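These notes are about the structure you will find just below.
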Amino acid sequence: MARTLVQKIIDQHHIDGKKTPGQEIALKIDQTLTQDATGTMAYLQFEAIGVDRVKTDLSVSYVDHNTLQSDFKNADDHRFLQSVANRYGLYFSRPGNGICHQLHLENFAKPGTTLIGSDSHTPTAGGVGAMAMGAGGLDVAAAMAGMPFRIKYPKIMGIKLTHALQDWVSAKDVILEVLRRIDVKGGVGYVIEYFGDGVKTLSVPDRATITNMGTETGCTTSIFPSDDVTRAFLKAEGREADFSELLPDGDAAYDEIIEIDLAQVEPLAACPHSPGKVKPVRELAGMAVQQVGIGSCTNSSLRDMEMAAWIMGGQTVAESLHMVVNPGSRQVVEHLIESGAYRKLVAAGARMLENSCGACIGMGAAPSSGAVSVRTYNRNFLGRSGTKDADVYLVSPETAAATALNGKLTDPRDLAVSCPDLSLPDRFIVNSNMMMPPLPDEKACCVEVVRGPNIAPLPEFLPLSDTLSGQVILKVEDDITTDHIMPAGAKILPLRSNIPEISKFVFEVVDPEFPDRALAKKGGFVIGGDNYGQGSSREHAALAPKYLGVKAVIVKSFARIHLANLINFGIVPLTFEHSADYDAIDLGDELDIEINDLVGRRIVLNNKTKNTAYNLTHSLSLLDAQILKTGGKLPWIKSQV
Ligand code: MIC
Ligand code: SF4
């Protein structure tokens, strides 16, 4: 039977489950990655599983999010992570090396392999034809312990690219065009595969920009074929041996096809506060801008930085704004220094920051009150920048650099210069001195794991009872992101290894009273709309609400990774059979739900305050139900050993 790209990869990694869209399958995982903000929890869980060495082909622990180190907390986390990597056989990427996704693409991503990462932008590696998926830290821990990863067998959305991009239009505009068409829910249940003649006109970093931000469509992952362009990239990284060809069969069938004529794509911008609110830059041009940010795992490659430097060269950042730049990795920085591009950016007045996530996750460079910030990042959720009333627009590096010069949103096609023809080097500067390889067994076994006071013990949760009762302690709308549920930023991110402390900030942007109310009511229920839990993979968005006593989340629909995280931590994820019932429930209503063993029976929600009942549904497998009833995945794994 003719196969698409991920169907081929799934065939080779399939352990069990029916290959029918929507059915649960188990996959063998070849590689894993973590970053520091999700990593500490993932490794505490890995330790609790009790395996002596990681069982994957390759596992890497990166440090890129929590790099401000305004006190001991982040530094403690980094030492813990380094000692865990040494103890259990992982690569450790030292702080300062770069952003996990850019580094993984440079160093390890391999066509045809499976990769899961405790970060939702792990699909970046789809740029070289890997099946790379974001997952909760506990799922990554389980994969490191050799357990399969379970997903719903995806439908395949084929995006056919034709022709080539025009001058001043780049890969970011392509993914913004995809988001303009399918929005932040359009990819749910799908893997997005790119095909067609236009594919060969895009470099690997271009492809990685597209697969990276594909996450914002809600899809399971996105992937490009592995072809001659991929081979040239891997060769330039000194990794030609990692190349293998991966193409779809000629008559492969897609569940849905979207066609994008690259020549027709124009500079685009995602408007506040959703990556799906996309408009042409032309329509918005002229708007006064107070900040420009270039970087993040979407747009921090050498090509993107060189483009910004080329545009800025010999000029000065507009007086009315300030500009911050985070290159993606040391490899990128070393090239920028060698080519003179770094000097151009510095000379133009750009504030050159560390090779890390930085402002993308609110780690510094928060905009001023009410400011407009134009960024090459992938998310502009309310408050994520650190300034709740700032308006963040997401654009390409070309649009960002042109805007930085003019002080107002500018279509790069209006620049009075011609577009440069930037090509990637035949050989990248490969310097792996900050990527510590795994220690051999005989050395690893005597490494002591270092735990500072910021590393709190894992909370323990009890099995679920057959009936859940309590009040509605929060009611929220559609498209609630994990940044709403468990905000990040410089104040809260350093608490990621300490659940009791971080739980004090749950739903801070929505309702700052929530944590106290939840504790006072001894937990209860959260009611939500469509696409609940959109965005990041942070399991803290399930773990911290669980700590506060949330028993079930009842919504119109869930985002994939958050749904898995709720199950992993024993919060029952339920959906309304009739969306309209959402309107009938109010904050404070007393509810009870008999869940018993969850699968194979009708679930009824009794609203005792309104003296009425509603039907609920769910998409839980038998295994999910068992995990939930045991109190979550960690107790379940322990019960199996
Ligand atoms: C993000 O971009 O939101 C993050 C921060 O990288 C998260 C991970 C986290 O919350 O630590 C993600 O995308 O998964
Ligand atoms: Fe880091 Fe931002 Fe990428 Fe998340 S989206 S991994 S915070 S750069």
Q: Residue by residue through segment 391-407, note down the ones that are more than 15 Å from Gln315 (Cβ to Cβ) and either open to solvent by 30 Å² or more (accessible area, probe 1.4 Å) or without any contact (Cβ under 8 Å) to a residue 40 or more places away in the chain (or both).
A: Asp391
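Among the residues in segment 131-152, are any touching a residue at least 12 places away in the same chain (Cβ under 8 Å), of a type in the set (Phe, Trp, Tyr) and in a loop (DSSP other than H, G, I, E, B)?
Scanning segment 131-152 turns up no residue that is touching a residue at least 12 places away in the same chain (Cβ under 8 Å), of a type in the set (Phe, Trp, Tyr) and in a loop (DSSP other than H, G, I, E, B).
Listed here are the residues, each with its yes/no results for (1) open to solvent by 10 Å² or more (accessible area, probe 1.4 Å); (2) basic (Lys, Arg); (3) modelled with pLDDT of 95 or more.
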| position | (1), (2), (3) |
| --- | --- |
| Tyr153 | yes, no, yes |
| His163 | yes, no, yes |
| Leu176 | no, no, yes |
| Tyr194 | no, no, yes |
| Arg207 | no, yes, yes |
| Gly214 | no, no, yes |
Q) For Arg538, are the conditions met, namely being within 21 Å of the chain's Cα centre (by Cα), closer than 22 Å to Gly489 by Cα and of a type in the set (Lys, Arg)? A) yes
Q.
Need a quick list: strands (runs of 3 or more DSSP E) entirely within segment 504-620 having at least 1 residues that are without any contact (Cβ under 8 Å) to a residue 12 or more places away in the chain.
A. 612-617
Q: Hey, can you tell me all the residues within segment 294-327 that are in contact with a Pro (Cβ under 9 Å, 6 or more places away or on another chain), within 16 Å of ligand 2 (Cβ to nearest atom) and not hydrophobic (A, V, I, L, M, F, W, C)?
A: Gly295, Asn299, Ser300, Ser301, Asp304
Q) Which of (1) within 16 Å of ligand 2 (Cβ to nearest atom); (2) surrounded by fewer than 18 Cβ atoms within 10 Å (Cβ to Cβ) is the odd one out, the single condition Asp466 does not satisfy? A) (1)
Q. From the list Val265, Val204, Val278, Val292, which one is in contact with a Lys or Arg (Cβ under 6 Å, 6 or more places away or on another chain) and β-branched (Val, Ile, Thr)?
A. Val278
Q. Among Leu179, Leu115, which is the only one that is touching a strand residue (DSSP E or B) at 6+ places or on another chain (Cβ under 8 Å), in contact (Cβ under 8 Å) with a residue 60 or more places away in the chain and farther than 21 Å from His13 by Cβ?
A. Leu179
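Let's see how each residue does on (1) of a type in the set (Asp, Glu); (2) more than 16 Å from ligand 1 (Cβ to nearest atom); (3) more than 21 Å from Met133 (Cβ to Cβ):
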{"site": "Thr211", "(1), (2), (3)": "no, no, no"}
{"site": "Lys235", "(1), (2), (3)": "no, yes, yes"}
{"site": "Ala252", "(1), (2), (3)": "no, yes, no"}
{"site": "Ala270", "(1), (2), (3)": "no, no, yes"}
{"site": "Pro275", "(1), (2), (3)": "no, no, no"}
{"site": "Met287", "(1), (2), (3)": "no, yes, yes"}
{"site": "Gly295", "(1), (2), (3)": "no, no, yes"}
{"site": "Asn299", "(1), (2), (3)": "no, no, yes"}
{"site": "Met305", "(1), (2), (3)": "no, yes, yes"}
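If you scan segment 120-151, which residues turn out to be of a type in the set (Gly, Ala, Ser) and surrounded by fewer than 22 Cβ atoms within 10 Å (Cβ to Cβ)?
To start, the set of residues in segment 120-151 that are of a type in the set (Gly, Ala, Ser) comprises 120, 125-127, 129-130, 132, 134-137, 141-143, 145-146.
Selection gives Ala145, Gly146.
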Q: Just give me the residues in segment 365-387 being away from ligand 1 (no atom under 12 Å from the Cβ), touching a Ser or Thr at 6+ places or on another chain (Cβ under 9 Å) and not hydroxyl-bearing (Ser, Thr, Tyr), in sequence order.
A: Ala365, Ala366, Pro367, Gly370, Ala371, Val374, Arg375, Leu382
Q | Index of the failed condition, Cys360 passing every other in (1) within 23 Å of Thr124 (Cβ to Cβ); (2) more than 16 Å from ligand 1 (Cβ to nearest atom) | A | (2)
Q | Of residues in segment 30-67 being within 17 Å of Ala132 (Cα to Cα) and open to solvent by 10 Å² or more (accessible area, probe 1.4 Å), the one farthest from ligand 2 (Cβ to nearest atom) | A | Asp57
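For Val128, state whether it is within 16 Å of ligand 2 (Cβ to nearest atom), of a type in the set (A, V, I, L, M) and either under 16 Å from Asn299 (Cα atoms) or in contact (Cβ under 8 Å) with a residue 40 or more places away in the chain (or both). Quick ask: steps written out before the conclusion?
Details: within 16 Å of ligand 2 (Cβ to nearest atom): no; of a type in the set (A, V, I, L, M): yes; either under 16 Å from Asn299 (Cα atoms) or in contact (Cβ under 8 Å) with a residue 40 or more places away in the chain (or both): yes.
Here the answer is no, as Val128 does not meet what is asked.
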Q. Considering segment 275-297 alone, what residues qualify as being assigned to a loop (DSSP other than H, G, I, E, B), aliphatic (A, V, I, L, M) and open to solvent by 20 Å² or more (accessible area, probe 1.4 Å)?
A. Ala285, Met287
(Q) Between a residue in segment 470-494 that is part of a loop (DSSP other than H, G, I, E, B) and more than 15 Å from ligand 2 (Cβ to nearest atom) and any residue that is of a type in the set (Asp, Glu) and open to solvent by less than 40 Å² (accessible area, probe 1.4 Å), which pairs come within a Cβ distance under 9 Å, given they are 6 or more apart or on different chains? (A) Val476/Asp511
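The values are calculated or read from the model by the stated rules, or taken from the named source; none is laboratory data. Since we're looking at a predicted model, the values are computed, not measured. Positions of Cβ are backbone-derived with ideal geometry, glycine not excepted, and every protein chain shown enters the neighbour counts. Remember, those area values only see protein heavy atoms, side chains included, never the ligands or the DNA or RNA. Shrake-Rupley method; radii C 1.70, N 1.55, O 1.52, S 1.80 Å.
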